[in-house]
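For reference, the structure discussed in these notes is given below.
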Amino acid sequence: MVSSHPRPEPLTIRPPSEWRSLLLRSTRGCNWNRCKFCGVYPALGEPEFSMRPLDDIKSDIDWYAARMPDLTTAFIGDADPLCRPIDESVTLLTYLKERLPHLSRITAYARAGTLYRLGIEGLRRLAAAGLTRVHTGLESGDLATLKFHCKGQSPKMVIDATRWTKAAGIEVSFYILLGLGGRDRWKEHIDGTAAVVNATDPEFIRLRRIWLFTPESSQTATACPLWADIQSGTFAQQTPEGTVLELRRLIEKISGMTSRLVCDHANNYLTVEGDFPGDKERMLAEIDAFLALPKEEREQHYRKVGSRI
Ligand code: SF4
């Protein structure tokens, strides 16, 4: 009999690639909440961080198990659900697998600092309990850019954490933000990012363009911290064409990897996609073909894509 339990508590956001997944809310909001470029949770009405009680999350799992027993993929949020005590994460994953035995992919957002703290043994425990992939914000591999944006991670930390995660048998999906170095530091931003990718060979490289919550675009009129830097002139925003050149430089500098690169977000100006190393030249050729278009045509394209979250 299907229980009368209320519908599962919704997540704030999820990766586009998880649109068909069971969406399980383990934590609310972000426990870090300091990245200058972000502000997503406060802007979408979730300014505080909290951990949901395990029994409530189990009830949500029961709801899905009663109605959609054949689900094959699940995603756990909000921003950093693996920051729970590891015994609780293992309990949740184990329960999820027991109640939905057809799940073959269980993924979660994970901060690099959290993966680092879990260490290889903690990550192995999570993999054994069923975790198969983490969605991690690399954002940039340039230390100065990371520091400026208060990301709370260093390239070395990300490299170590990613190697341990992969060694534990968990796939890594990196998010990279074009434009994060601004106009003044775009080359260092991209070169450092390529260096982290080349040191880790993540399964996925997902590109996004920096997108700002301003007082107008935020649902709560809460602007991201970077907005004040832009207003004061401390941060010079990258141009649209500059982000395309960043994408080209990144692809050019990635070498010896087997990652899949995707631009799976509507705010990307170009949506190149492919597997390294085989598709590298084709991806570069697609970008070059765009850059060879008349200036007016390129600018028209930038205006058409505009700015979308
Ligand atoms: S980028 Fe991630 S870690 Fe940083 S504030 Fe946003 S949700 Fe939190």
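The values are calculated or read from the model by the stated rules, or taken from the named source; none is laboratory data. Only a predicted model underlies this, so the values are computations on that prediction, with no experimental measurement involved. Neighbour counts are summed over all protein chains in view; Cβ atoms, including those assigned to glycine, are modelled from backbone coordinates with ideal geometry. The area values use the complete protein model at the heavy-atom level, side chains included, leaving out ligands, DNA and RNA. Shrake-Rupley method; radii C 1.70, N 1.55, O 1.52, S 1.80 Å.
A Cβ distance below 7 Å, combined with a sequence gap of six or more or placement on separate chains, defines the contacts here; from the range 252-267, residues that are small (Gly, Ala, Ser) reach residues that are modelled with pLDDT under 95 and open to solvent by 70 Å² or more (accessible area, probe 1.4 Å) in the pairs ALA266/ARG308. Any residue that is closer than 18 Å to ARG34 by Cα, of a type in the set (Ser, Thr, Tyr) and either modelled with pLDDT of 95 or more or surrounded by 23 or more Cβ atoms within 10 Å (Cβ to Cβ) (or both) - is there at least one of those in the range 130-138? Yes - at least one qualifying residue is present in the range 130-138.
Would you confirm, using the coordinates I've provided, whether ILE76 is of a type in the set (Val, Ile, Thr) and either more than 17 Å from the chain's Cα centre (by Cα) or more than 16 Å from the ligand (Cβ to nearest atom) (or both)?
Working: of a type in the set (Val, Ile, Thr): yes; either more than 17 Å from the chain's Cα centre (by Cα) or more than 16 Å from the ligand (Cβ to nearest atom) (or both): no.
The answer is no for ILE76.
The residue list ARG208, ARG249 contains one member that is touching a His at 6+ places or on another chain (Cβ under 6 Å) and under 18 Å from LEU180 (Cβ atoms), which is ARG208. Contact annotation: residue pairs with Cβ atoms under 6 Å, 6 or more positions apart or on different chains, pairing a residue in the range 100-114 that is within 10 Å of the ligand (Cβ to nearest atom) with a partner that is open to solvent by 40 Å² or more (accessible area, probe 1.4 Å), are ALA112/MET157.
Total residues in the range 139-169 satisfying the condition of being within 25 Å of ARG125 (Cα to Cα), within 11 Å of the ligand (Cβ to nearest atom) and either among the hydrophobic types (A, V, I, L, M, F, W, C) or crowded, with 23+ Cβ neighbours inside 10 Å (or both): the figure is 1. Screening the range 198-294 for helices (runs of 4 or more DSSP H) wholly inside it with 3 or more residues that are closer than 19 Å to LEU146 by Cα returns the ranges 226-232, 240-253. The residues of the range 201-255 that are of a type in the set (Phe, Trp, Tyr) and open to solvent by less than 50 Å² (accessible area, probe 1.4 Å), listed by number, are PHE204, TRP211, PHE213, PHE235.
Tell me, which residue of the range 73-122 that is under 20 Å from PRO155 (Cα atoms) and hydroxyl-bearing (Ser, Thr, Tyr) is least open to solvent (accessible area, probe 1.4 Å)? Selected residue: THR114.
Kindly establish whether ARG7 is over 30 Å from TRP227 (Cβ atoms), more than 16 Å from the ligand (Cβ to nearest atom) and open to solvent by 70 Å² or more (accessible area, probe 1.4 Å). Yes: the conditions hold for ARG7. Criterion first (within 16 Å of the ligand (Cβ to nearest atom), open to solvent by 40 Å² or more (accessible area, probe 1.4 Å), out of contact with any His (no Cβ under 7 Å at 6 or more places or on another chain) and of a type in the set (Lys, Arg)) does ARG67 satisfy it? When the stated conditions are applied, ARG67 does not pass them. Count of the range 170-195 residues, restricted to those that are of a type outside the set (S, T, N, Q) and either modelled with pLDDT under 95 or under 22 Å from ALA127 (Cβ atoms) (or both), is 5. When VAL134 is tested against (1) under 19 Å from THR94 (Cβ atoms); (2) away from the ligand (no atom under 16 Å from the Cβ), only condition (2) is not met. Could you please give the count of residues in the range 59-96 that are within 23 Å of PHE204 (Cβ to Cβ) and not aromatic (Phe, Trp, Tyr)? The qualifying residues number 15. In the range 18-49, the qualifying residues are those that are polar (S, T, N, Q) and open to solvent by 40 Å² or more (accessible area, probe 1.4 Å), and the one that is nearest to the ligand (Cβ to nearest atom) is ASN33. Listed conditions (1) more than 14 Å from the ligand (Cβ to nearest atom); (2) at pLDDT below 95; (3) at negative phi are all met by ILE210, apart from (1). When residues in the range 256-268 are screened for being buried (at least 20 other Cβ atoms within 10 Å of the Cβ) and either farther than 22 Å from GLU171 by Cα or among the charged types (D, E, K, R) (or both), 1 of them pass.
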